[in-house]
Structures are given as structure tokens and as C-alpha cells.
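Trainee: Here you go, one structure.
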Amino acid sequence: MTTERIDTVENYFNRLTRMSKISNILFWMSVICSFAVFFTSNNVGINSTMNIIFILITILYFTFSNWVSIFLLREAQNKRRTHLLSNSLGVRLDDEETNLYYNNPQSPSLLRLGMNVFENSLFTCRVTEEMAKWERIKVFVYIIIWLLLLLFRETNLNLLSIVAQTIFTTGILVTWIRLEVLRYSSNQIFNELRQVFLANGLKGNRKSNSLILSLVFRYETTVASMGIHLSSRVFHRINSSVSEEWEKIKKNIDL
């Protein structure tokens, strides 16, 4: 077996990352255009042009954002889920290749599936922790700006509505909440899997296997339902330190 790390499934996430960046750019362009429409209201010609641009960019953003969330993210998650099962149960389910993605030596079994999800939940928790730091700052700044504008009686109500719309109806707040839920849930699943393996080790039985399957389903359901694209940049930045943490965890609970 080759000792080189191979992960062709990551190509699906790389494409997802590129399209997500385009979607984010379109989102900010739509925000800028909405402010431009407001501040050019006294100039009919410029205002009409900005309205047309705003409408076109909004349609493009709607198209890209839904393509990313409904198709690309689902495709990438399905591929990763397929390889989770392939690696855990030793069955080739497609023609993609992964090697050294999981750091567990167990033979194909439900126990290996549990160990792989145990490792996945740790990485998901650590990646979302890092992602949440920026999202908290971003949401906090937006809300502070909106509250400050509310304090000034001279602030135009249309401007307040634009800022409020940006915060509450464009997904900024919802994305942050979903990220926090995913972070909390993955940490909870990680701790519960830790208890399962701490109590049973690698000696599988009907009870431990049932608990493992239940937690695997919970993890996959949570990841799918939250619809969060985990940052590849953050993953690669913390990969070595979290891998070291994972090895220490296995050693501490005799795995």
C-alpha cells in the first residue's frame, strides 16, 4: 500500500470552495448595490442604473448560493460519506481514492466506523471552533452598527431597513447559528463516542455497536442538516495539531 496521502474526494470540496467564494463576492456586491441605490435616490439616471445592476446581481447571487447549498455541498458530503463507509467496512463503493485520510489501524468493522466518526467529530469540532471566532466577530459588528444607527434619530428608516435586511434576511445570522449548533453537536458526539470506547475499548458487543451506529447516524444527520461548508483553509492550518491531539486521545483511552 502506498504511504502517500491521497484524497481525490477533496476535489469536490475544492470546487465547492471556489463556487462559495464567488457566491460570497456576489453577496457583498448586492449589499454594496443596495446602499448605492439608497444614496443615489436623488439622481434618477444613476439610481435607475444601480437598480438594474442590483437586480441582476441579486439574481446571480440567488442562483450561485442555491447551486452551492443544494447541489455542490450535497454532492461533496455524499462523496465523503461514501468513503467513510468504504474505509470503515473495506468495501469499494466508487472509483475515487483516499489513503491516509483516517488515522486508525482497526480492521474493517463497525468499530472502525465508530473510530473514524470519532476522529471526524474531533476535526469538525476544532474546525468549527476556529470558523466560529470570525463569524461571532462579524455578527457582533453588524449588530452594533445597526444598534448605533437606531440610537440616532436622524438616521433614515430606509437605511436602517437595509442594514437590518443584511443582518437578518441574507443568512449571516442563520449561518452563524448553524455553525454554533454544528460545533456544539460535534463536540457532544465526540464526548459520547469517547465514553463508548472508554467503557468498551475495541471489544465490540451488541450494546456498544448499537451505540456506535446511533452516534454515527446522529453525526451524519447533523452535518447534513446544518449545511455548513467546513473551511479547507482552516482544516489544513490546524490539521497537524489536531492529528497530534487525536493520537494523544487514542493513547489516553488505550485505543
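Trainee: Mind checking which lysines have their Cα closer than 23 Å to the Cα of K250? Skip sequence neighbours fewer than 8 apart in that chain.
Mentor: Filter leaves K203, K207.
Trainee: Please state the equivalent ellipsoid semi-axes for the chain: what are the square roots of 5 times the Cα gyration tensor eigenvalues, largest first, in whole Å?
Mentor: Details: eigenvalues 390, 83, 39 Å².
After scaling each eigenvalue by five and taking roots: 44, 20, 14 Å.
Trainee: Express in whole angstrom the spacing between the alpha-carbon centres of the stretch 66-134 and the stretch 195-220.
Mentor: Centre-to-centre (Cα) distance: 17 Å.
Trainee: Hey, could you get me the Stokes-Einstein D for the stretch 1-131, Kirkwood radius over alpha-carbon pairs, 10 °C and 1.306 mPa s, rounded to whole µm² s⁻¹?
Mentor: Translational D for this selection: 89 µm²/s.
Trainee: Here's something else I'd like to know. Just grab the label-to-label distance for I145 and L198, each label 7 Å out from Cα along the Cβ direction, in nm (one decimal).
Mentor: According to this spin-label approximation, the distance is 4.4 nm.
Trainee: Something else now. Tell me, what is the FRET efficiency for F38 and S243 to the nearest 0.05, using R0 = 41 angstrom and their Cβ-Cβ distance as r?
Mentor: On the way: r = 49 Å, r/R0 = 1.20.
Step by step, r from the Cβ atoms, then E = 0.25.
Trainee: I'd like to verify something in the chain: which complete DSSP H helices, judged by Cα projection on the helix axis, reach 27 Å or more and average at least 0.0 on the Kyte-Doolittle scale?
Mentor: Details: long enough: 10-39 (43 Å, 0.62); 44-66 (33 Å, 1.44); 110-151 (58 Å, 0.89); 172-200 (42 Å, 0.34); 206-226 (30 Å, 0.24); 232-252 (29 Å, -1.20).
In the chain, the long hydrophobic H runs are 10-39, 44-66, 110-151, 172-200, 206-226.
Trainee: Just to check, using Stokes-Einstein with a Kirkwood Rh over alpha carbon pairs, what's the diffusion coefficient of the stretch 107-255 at 37 °C and 0.692 mPa s in µm²/s?
Mentor: Details: Rh = 17.6 Å.
After rounding, the answer is 187 µm²/s.
Trainee: Which value in deg cm²/dmol, rounded to the nearest 500, describes the helix-derived mean residue ellipticity at 222 nm for the chain, given -39,500 (n - 2.57) per DSSP H run of n ≥ 4 and division by the residue count?
Mentor: Working: 8 runs with 195 residues, N = 255.
Roughly -27000 deg cm²/dmol at 222 nm, from the helical runs in the chain.
Bear in mind these aren't lab numbers, they're just calculated from the coordinates by the rules spelled out. Everything numeric here is computed off the predicted structure, so don't read it as measured data. Neighbour counts are summed over all protein chains in view; Cβ atoms, including those assigned to glycine, are modelled from backbone coordinates with ideal geometry.
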